[in-house]
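Visitor: Take a look at this one; I'll ask things after.
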Amino acid sequence: MIRIYVFGDREPMIEACRYSLGRLGYVVYTPPEVTAFLEGVYSQPPNLVIIDLVADGLGGLRLCRELRSDPKFRQLPVIAVATPPLLSGLRPEAGYDDLLVEPFTPEEVEARVRLVQFRLQSVASDDTVQVGPLRLDLAAYQASVEGQRMELTHLEFELLKFLATHRGVAYTREMLLSLVWGEDYYGGTRTVDVHVRRLRAKLGAQHEDLIQTVRGVGYRFEES
């Protein structure tokens, strides 16, 4: 399960993030001040953090830099929240991977989280992916579950590979069409449902829940 920490002292901003992320099924923590935030990050490392740069008198900006100075969190995805007056003074070296500018919509929060996860997650260097009983050989385009080879079409393998290498992240059908089928594909979103149904059947009843339906959103891969 994706764990996200949101830091800030402006309740409307926190509530906007909590609502948007809750729709995706993420576990959201909102420690009230810097010490509690860092204690939580060190005791239960999150998958992503959202930091309000104007929080605590620009303490959010210092928090971004502090996280980036620790080798343990150098690769931790960080999304910053800024107000328009701050934009002219922001620099990439501030330590964030993406930026939300107020006012923002729930859909933008969801999109930013997905895009950061997509950019920063990577597959294993030996061209294999192992998730519980599922093993993907990326070079040979082969998949197996509990050692039994799965007979997959090209697009079934591509969809399974994408979900397995971006596990915990919920994607809409439209995003999966764009990211897996490609932006030039003009078919409807029903094709995603058809391919998911086929993958679940080939995973078998014991493992079909590796691909979970996120109501009102789309699909998410979760290790069972």
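Visitor: Quick check: the angle from helix 11-23's long axis to the longest principal axis of the chain, C-alpha only, nearest 10 degrees?
Guide: Helix 11-23 sits at roughly 0 degrees to that axis.
Visitor: Here is a follow-up. Round to the nearest 10 and give me the degree value, 0 to 90, for the angle of helix 55-69's Cα axis relative to the longest principal axis of the chain.
Guide: Here the helix axis deviates by roughly 50 degrees.
Visitor: Between Arg149 and Tyr186, what FRET efficiency follows from the Cβ-Cβ distance if R0 is 25 Å, with the result rounded to 0.05?
Guide: On the way: r = 33 Å, r/R0 = 1.31.
That pair, Arg149 with Tyr186, gives E of 0.15.
Visitor: Among [x] 15.7, 44; [y] 19.0, 57; [z] 17.2, 49, which one is Rg and Dmax of the Cα atoms in Å computed from these coordinates?
Guide: [y]
Visitor: I need Tyr19, Tyr171 ordered by Cβ neighbour count within 10 Å, fewest first.
Guide: Values: Tyr19 12, Tyr171 26.
With the fewest neighbours first, Tyr19, Tyr171 line up as Tyr19, Tyr171.
Visitor: If you take the alpha carbon radius of gyration of region 3-120 and divide it by 2.2 N^0.38 Å, what ratio comes out, to two decimals?
Guide: Dividing the Cα Rg of region 3-120 by 2.2 N^0.38 Å gives 0.95.
Visitor: If each of Asp193 and Glu39 carries a label point 7 Å out from its Cα toward its Cβ, how far apart are those two points in nm?
Guide: Each label point is offset 7 Å from its Cα along the Cβ direction, giving 4.8 nm.
Visitor: Under a Cβ-only charge scheme (Lys and Arg +1, Asp and Glu -1), can you give me the dipole magnitude of region 151-224 about the Cα centre, in debye to the nearest 20?
Guide: Working: 10 positive and 11 negative charges, 42 e Å.
So the dipole magnitude of region 151-224 works out to roughly 200 debye.
Visitor: Toward the positive end of the charge dipole of region 3-120, about the Cα centre and with charges on Cβ (Lys, Arg +1; Asp, Glu -1), which of Phe37, Ile4, Pro77 goes farthest?
Guide: Highest projection toward the positive end goes to Pro77.
Visitor: How large is ³J(HN,Hα), in whole Hz, for each residue of region 26-43 in order, when computed from phi with the Karplus curve 6.51 cos²θ - 1.76 cosθ + 1.60 and θ = phi - 60°, using x for Gly and Pro?
Guide: Whole-Hz 3J(HN,Hα) from phi for region 26-43: 7, 7, 10, 10, 10, x, x, 8, 4, 4, 5, 4, 5, 4, x, 4, 6, 7.
Visitor: Gain in length, Arg10 to Ser88, computed as 0.36 nm per residue apart minus the alpha-carbon separation, to one decimal in nm? Write down the numbers at each step before the final one.
Guide: Working: separation 78, 0.36 × 78 = 28.08 nm, distance 2.15 nm.
Once the chain is fully extended between Arg10 and Ser88, it gains 25.9 nm.
Visitor: With a Förster radius of 35 Å, plug the Cβ-Cβ distance of Lys72 and Ser178 into 1/(1 + (r/R0)^6) and report the FRET value to the nearest 0.05.
Guide: Working: r = 34 Å, r/R0 = 0.96.
About 0.55, to the nearest 0.05.
Visitor: Roughly how big is region 23-111's charge dipole about its Cα centre, with Cβ charges of +1 (Lys, Arg) and -1 (Asp, Glu), in debye to the nearest 20?
Guide: On the way: 7 positive and 13 negative charges, 60 e Å.
Using Cβ point charges on Lys, Arg, Asp and Glu, region 23-111 gives about 280 debye.
FYI, it's all coordinate maths here, none of it is from the lab. All values derive from a computational prediction rather than experimental measurement. Positions of Cβ are backbone-derived with ideal geometry, glycine not excepted, and every protein chain shown enters the neighbour counts.
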